[in-house]
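Peer 1: Please see the structure below; I have some questions.
The values are calculated or read from the model by the stated rules, or taken from the named source; none is laboratory data. Treat the numbers as computed from the prediction; the structure is a model and nothing was measured. All Cβ positions, glycine included, derive from the backbone under ideal geometry; neighbour counts span all protein chains shown.
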Amino acid sequence: MSAATTYARPAGLSSLSAIGMLRSEWIKLRSLRSTIWSYAAVVVVSLGISLLISAAAVGFGGVEGIPIAAATYGIYFGQLVVAVLGVLVISGEYSTGMIRSTLTAIPKRIPALVAKAVVLFVTTFVVGLISVFGAVGVSLLVLSGQPDVALSGEDLGNLVLAAVYLALTSLFALGLGTILRNGAGGIAVALGVILLLPTIFGLIAGITQAEWASNALPYLFSSAGTGMYTPSGEEAFSQLHNTVIVLVWTAVSLVGGALLLKSRDA
Amino acid sequence: MINAEGLTKRYGAKTAVDDISFTVKPGMVTGFLGPNGAGKSTTMRMIVGLDRPSAGTVTVNGKRYAEHHAPLREVGALLDAKAIHTGRTAFNHLLAMGATHGIGRARVDEVIGLTGLESVAGKRVGGFSLGMGQRLGIAAALLGDPATLILDEPVNGLDPEGVRWVRQLARHLASEGRTIFLSSHLMSEMAQTADHLIVLGRGKIIADAPMSEILSSSTRNTVRLRSPRAAELASLLQGAEVGITSTEPGLLTVSGLSAPVIGDTAARAGIALHELTPVAASLEEAYMDLTQDSVEYHAGAAPAVPLTPAPVAPQEVVR
């Protein structure tokens, strides 16, 4: 076969790029119904909880700090939903075989995970902002005319931090999903870390009075997460300290996932 | 151009691909054959970097697949019809795949048209038949208009019209000077599509030759003849290297002798011939010859009729 018959590709065509990978992951995220439902659930439940709490507060009279409390309660629920979504974003690719298409398009692999993480973080952050500020808005509407409901600049900063925590939770779960490559397993571990670990450590500390358990408690993912957006008391870690703890959990999960993604056969 | 050197893949103690070297050349269709478990799919997955070789290297157009700046424009691969998220529509799947390389809507619509998926492009892939999934996989492979195409069992699940379309597509793309590497278990289809064959058995290459060479090397090139005195002629034709079978009275199938030799023998004995036809071995027969020692999974029950009749001693069959 002479070289003359070899197919010559036209020059100057677009190639694999960071922007392209981000766009691809955005198309993937928005084109699944599970994404739409999950994010809708986060917003709707967040606003609903705020409505309930605020309405109840009106009856009891004491409304100081209620808008912020009402808004952040939604995060307790929202973190579970985005954790499930974070796992599914990658485990769904493994269960359907899509991961092979993804890694054929992006054979260096790590950039594929980074693009996924960036798109998931930004989207979840925006949904988080809509949730918390929407919830505050609902609360202020219900409590309109009541005294002591004005928000400080610090309050607004904490609301943004709550949205950041939600976004980091989705990334933590994405890392777990990448490590485990399995939806059920990934969701079990993610929810276990978020929901069960604080309870288990709390129980151990309560029953045995073990100091290590009560010492470890604030280092847990969701404990530190709550501390991220809640003004700290006397003994607790600072918000910055809590943010660093959550970032470490997220980084360990994602880096672990990235290393395995790179080394394993797909 | 695909170039494998000493390519090896081990899974624990099992060696799936065992130190194979081969070249898949542009401008022709290279068929990749072998029994189940011979290592074809593993080899194809190693070409696009989904599996990491235990040893050896494989390059596409001189570079490892992952080192290309635009992998999808270099190689289009259909490795597994199920490499698609079932919850996404066909259109969005192609759009997302193309987006990584800046390939836009226009090309997506083009490959949808090319593969005949217009009517289902907006439907979620979960509801697709095997054949539609296969067409979508081929559409994805064509997205980057690649110079090299790797197609693992592309006609699997396609209707006859689809099978024909894949054959014509492969031939057409090869005629443009592209490298086409395809596997199939449909021997008749492969015989019509491929110019060159690489046959794998138990992880090793057992043949790497032009189609014509593989066909002519088969021991099963035979001559069919009809004669009212077939039995008499059969006894004249007997010899050490000669195999004669008969499936109906007056009809003989002779291996090991050429048609002229048989015709001359009959003429000398004054035996009339009503038919004398050289029959080339089919690819299926040539393939069976090549792979009979390297089949990984044999059917459990022994068939009542031997599947491989040659060579048969003449006295058994001449009536």
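Peer 1: Taking the stretch B:239-278, which residues are touching a Pro at 6+ places or on another chain (Cβ under 8 Å), under 15 Å from B:R229 (Cα atoms) and not hydrophobic (A, V, I, L, M, F, W, C)?
Peer 2: Correct list: B:T245, B:G250, B:H274.
Peer 1: Is it true that A:V44 is in contact with an Asp or Glu (Cβ under 8 Å, 6 or more places away or on another chain) and either more than 11 Å from chain B (Cβ to nearest Cβ) or without any contact (Cβ under 8 Å) to a residue 40 or more places away in the chain (or both)?
Peer 2: No: the conditions fail for A:V44.
Peer 1: A further question follows. Of these, A:A83, A:A41, A:A69, which one is hydrophobic (A, V, I, L, M, F, W, C), within 20 Å of the chain's Cα centre (by Cα), at pLDDT 90 or above and surrounded by fewer than 19 Cβ atoms within 10 Å (Cβ to Cβ)?
Peer 2: A:A41
Peer 1: Taking the stretch B:1-13 as the region of interest, how many residues are within 14 Å of another protein chain (Cβ to nearest Cβ) and either within 12 Å of B:S183 (Cα to Cα) or out of contact with any strand residue (DSSP E or B) (no Cβ under 8 Å at 6 or more places or on another chain) (or both)?
Peer 2: Qualifying residue count, the stretch B:1-13: 2.
Peer 1: If you check A:T102 against the conditions, is it away from chain B (no Cβ under 11 Å) and among the hydroxyl-bearing types (S, T, Y)?
Peer 2: So A:T102 fails the test.
Peer 1: State which residue pairs qualify: first residue free of Cβ contacts under 8 Å to residues at least 24 places away in the same chain and under 17 Å from A:G186 (Cα atoms) and inside the stretch A:72-98, second residue surrounded by fewer than 24 Cβ atoms within 10 Å (Cβ to Cβ) and among the small types (G, A, S) in any location, beta carbons under 8 Å apart, and separation of 6 or more residues or different chains.
Peer 2: A:T96/B:G87
Peer 1: Looking at the stretch B:150-168, is at least one residue touching a strand residue (DSSP E or B) at 6+ places or on another chain (Cβ under 8 Å) and farther than 17 Å from B:M44 by Cβ?
Peer 2: No, because not a single residue in the stretch B:150-168 is touching a strand residue (DSSP E or B) at 6+ places or on another chain (Cβ under 8 Å) and farther than 17 Å from B:M44 by Cβ.
To keep it simple, each residue is scored yes or no on (1) closer than 18 Å to A:S46 by Cβ; (2) buried (at least 24 other Cβ atoms within 10 Å of the Cβ); (3) of a type in the set (S, T, Y).
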site	(1), (2), (3)
A:G128	yes, yes, no
A:G134	yes, no, no
A:S139	yes, yes, yes
A:V164	yes, no, no
A:V189	no, no, no
A:P198	no, no, no
A:Q209	no, no, no
A:G225	yes, yes, no
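Peer 1: Report whether or not A:I110 is within 14 Å of chain B (Cβ to nearest Cβ), buried (at least 24 other Cβ atoms within 10 Å of the Cβ) and at pLDDT 95 or above.
Peer 2: Taking the combined requirement at face value, the residue does not satisfy it.
Peer 1: Can A:S34 be described as within 14 Å of chain B (Cβ to nearest Cβ) and polar (S, T, N, Q)?
Peer 2: The answer is yes for A:S34.
Peer 1: Ok, one more. If you go through the stretch B:128-135 one residue at a time, do you hit one that is in contact with a Ser or Thr (Cβ under 8 Å, 6 or more places away or on another chain), surrounded by fewer than 18 Cβ atoms within 10 Å (Cβ to Cβ), not in a helix (DSSP H, G or I) and not acidic (D, E)?
Peer 2: No, there is no match, as no residue in the stretch B:128-135 is in contact with a Ser or Thr (Cβ under 8 Å, 6 or more places away or on another chain), surrounded by fewer than 18 Cβ atoms within 10 Å (Cβ to Cβ), not in a helix (DSSP H, G or I) and not acidic (D, E).
Peer 1: For residues that are surrounded by fewer than 21 Cβ atoms within 10 Å (Cβ to Cβ) and within 12 Å of another protein chain (Cβ to nearest Cβ), scanning just the stretch B:92-127, find the one that is nearest to B:A70 (Cα to Cα).
Peer 2: B:G102
Peer 1: Take A:A117 and decide whether it is surrounded by 22 or more Cβ atoms within 10 Å (Cβ to Cβ), away from every other protein chain (no Cβ under 14 Å) and more than 29 Å from A:S14 (Cβ to Cβ).
Peer 2: no
Peer 1: Still on this structure, I have one more. For the stretch B:148-261, give me every one of the helices (runs of 4 or more DSSP H) that falls completely inside it and has 2 or more residues that are over 18 Å from the mean Cα position of the chain (by Cα) and either at pLDDT below 90 or not charged (D, E, K, R) (or both).
Peer 2: Filter on the stretch B:148-261 gives B:230-237.
Peer 1: Just checking, which of B:A70, B:A66 is more than 23 Å from B:M211 (Cα to Cα), within 9 Å of another protein chain (Cβ to nearest Cβ) and touching a residue at least 60 places away in the same chain (Cβ under 8 Å)?
Peer 2: Within the list B:A70, B:A66, the selection yields B:A70.
Peer 1: Quick check on the stretch B:136-174: of everything there that is free of Cβ contacts under 8 Å to residues at least 40 places away in the same chain and within 12 Å of chain A (Cβ to nearest Cβ), which residue is surrounded by the fewest Cβ atoms within 10 Å (Cβ to Cβ)?
Peer 2: Among them, the one singled out is B:H172.
Peer 1: Criterion first (without any contact (Cβ under 8 Å) to a residue 24 or more places away in the chain, of a type outside the set (D, E) and closer than 16 Å to B:F181 by Cβ) does B:G104 satisfy it?
Peer 2: Answer is no for this residue.
Peer 1: Helices (runs of 4 or more DSSP H) wholly in the stretch A:82-189 with at least 2 residues that are of a type in the set (V, I, T) and closer than 27 Å to A:T243 by Cα - which ones?
Peer 2: In the stretch A:82-189, the matching helices (runs of 4 or more DSSP H) lie at A:110-142, A:153-180.
Peer 1: Quick check on my filter: what residues within the stretch A:232-257 are among the hydrophobic types (A, V, I, L, M, F, W, C) and either closer than 20 Å to A:I187 by Cβ or within 14 Å of chain B (Cβ to nearest Cβ) (or both)?
Peer 2: The answer is A:V246, A:W249, A:V252, A:L254.
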